[in-house]
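See structure below.
The values are calculated or read from the model by the stated rules, or taken from the named source; none is laboratory data. Please read all numbers here as calculations on a predicted model, not as lab measurements. Cβ atoms come from the backbone with ideal geometry, glycine included; neighbour counts cover every protein chain shown.
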Amino acid sequence: MRPFLLALLAKEPAHGYELKQALEQIFGSAYPSPNIGQIYVTLGRLEKDGLVRAVDVEQSNRPNKKVYYLTAAGRDALDAWADEPAEGPRVRDEFFMKLVLAPMTGIADRMTLINRQRRHYIALMRDLNELSERTDPGDRVALLLIEGAMLHLQADLDWLDRCQEDLS
Amino acid sequence: MSADPVVSTVNLVKIYQSGGVPVPAVRGVDLRVESGEFVAIMGPSGSGKSTLVHMLGGLDARTSGEIWLDGRRADTLGESAWALLRRQKIGFVFQFFNLIANMTVADNVELPALLAGASPREARERRERLLGALGLTGRADAAPAQLAGGEQQRVALARALANKPSLLLADEPTGNLDSRNTRDVLKLLADVHRDGQTIILVTHDARVASLADRVVSLLDGQIVDDGVVGTFRRRPKGTAGDVVELRG
């Protein structure tokens, strides 16, 4: 969550609760609503690392609130995050390890593993279809996330076909 | 009520001859599809899925084995008897819509009903209802070429349903469509299936396959898996945010 908070603070200084609200507003249902405690813990770590600075702001009739500012070091960290390409999908996943290792030990047959995995992916796809129908058409960020998940699943299924062709 | 399956094949085989060399495309398929079922056929290219569906519609002759449609043996029929059977019982949708270019949308949709023996009035009423359901009423007098790809495929679907077929066969119906048009065609397929239409559909698109009741996987002309499509639900009322977790 660190870079997300840095990005929001680059826009404007904010206190913890405002950051939570901003995440919810920007991502809609596409990002699980963050826990406020988690946000404060992350802010505390960012402050310790010198990436943000907290300033107490007095409030009448209420305890002071802490407003967080991005520091120059925080700006550099954010720039570095934005300039890096994100990690690609992990193909050497648990299923792949199972596919390679299980037949060697005789505990499972490859075709059975592939067929079961295919059924699982198709069930996931059905779930995504239903999710996409339930999602507000105005929630573009959420719909793009679902479409991304569908395209990844399709690639996984195409790859299962390749495994089945080559290993049968 | 007849308990006959809509489709049943017994050890169905297709071997093409390529320069005197036999090339097996379908190697012994036993498939049974009950009335109202929606079956998706998947598999890598060259696995025999299109050949299988073409044989079920009589567009390709089988080499050996049996095909039964609605309890009647069909593989022994001659070409003209197949043509008659197709008009009465089978609707076909292809990847490239195959609409008749010099006929209007309305005439394209009415033609199969007329060929199947409906009166002009019945054919017109059915066409009006289908085009209405597909959101194409305003396009009835257009020529197919004036329509976008997604609209043409919806017309093709209306045409395939015009003779109230007991079986709808589809070969990559979304293969040539972008994601928005794919969604429209998917919605239609789900709707007609809900109304009891039996569907056998070849696709490599998992979104399409996930709508089916059953997915049959082919490899090298044989069925390697045949299973009911289940649902995966980590959270029944999940939101898009859960996708992050799904992909863990």
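Look at residue B:102 and say whether it is of a type outside the set (Ser, Thr, Tyr), out of contact with any Lys or Arg (no Cβ under 9 Å at 6 or more places or on another chain) and modelled with pLDDT under 95. Yes, satisfied. Residues of the stretch B:82-119 that are closer than 14 Å to residue B:162 by Cα and assigned to a loop (DSSP other than H, G, I, E, B): B:99, B:116, B:117, B:118, B:119. Give the residues of the stretch B:120-140 that are of a type in the set (A, V, I, L, M, F, W, C) and outside any loop (DSSP other than H, G, I, E, B), sorted by residue number. If the condition is that a residue be of a type in the set (A, V, I, L, M, F, W, C) and outside any loop (DSSP other than H, G, I, E, B), then B:123, B:130, B:131, B:133 are the ones that fit. Checked against the criterion of being surrounded by fewer than 13 Cβ atoms within 10 Å (Cβ to Cβ), away from chain B (no Cβ under 14 Å) and not polar (S, T, N, Q), the stretch A:86-99 has at least one qualifying residue. Sub-9 Å Cβ pairs linking a first residue in the stretch A:131-153 that is touching a residue at least 60 places away in the same chain (Cβ under 8 Å) and within 7 Å of another protein chain (Cβ to nearest Cβ) to a second residue that is among the hydrophobic types (A, V, I, L, M, F, W, C) and part of a loop (DSSP other than H, G, I, E, B), at least 6 apart or interchain, are A:135/B:240; A:142/B:240; A:145/B:240, ordered by first then second residue. Scan the stretch A:62-73 and tell me whether some residue there is surrounded by 12 or more Cβ atoms within 10 Å (Cβ to Cβ) and within 17 Å of residue A:152 (Cα to Cα). For the stretch A:62-73, residues surrounded by 12 or more Cβ atoms within 10 Å (Cβ to Cβ) and within 17 Å of residue A:152 (Cα to Cα): absent. Flag: residue B:173 matches the condition of being more than 14 Å from every other protein chain (Cβ to nearest Cβ), surrounded by 22 or more Cβ atoms within 10 Å (Cβ to Cβ) and in contact with a Ser or Thr (Cβ under 9 Å, 6 or more places away or on another chain). Of these, A:81, A:159, which one is within 24 Å of residue A:25 (Cβ to Cβ), more than 10 Å from chain B (Cβ to nearest Cβ), part of a helix (DSSP H, G or I) and among the aromatic types (Phe, Trp, Tyr)? Just one listed residue meets the conditions, A:81.
Checked against the criterion of being within 16 Å of the chain's Cα centre (by Cα) and farther than 17 Å from residue B:53 by Cβ, the stretch B:93-103 contains one or more residues that satisfy it. Scanning the stretch A:110-147 for residues that are part of a helix (DSSP H, G or I), within 19 Å of the chain's Cα centre (by Cα) and polar (S, T, N, Q) yields a total of 1.
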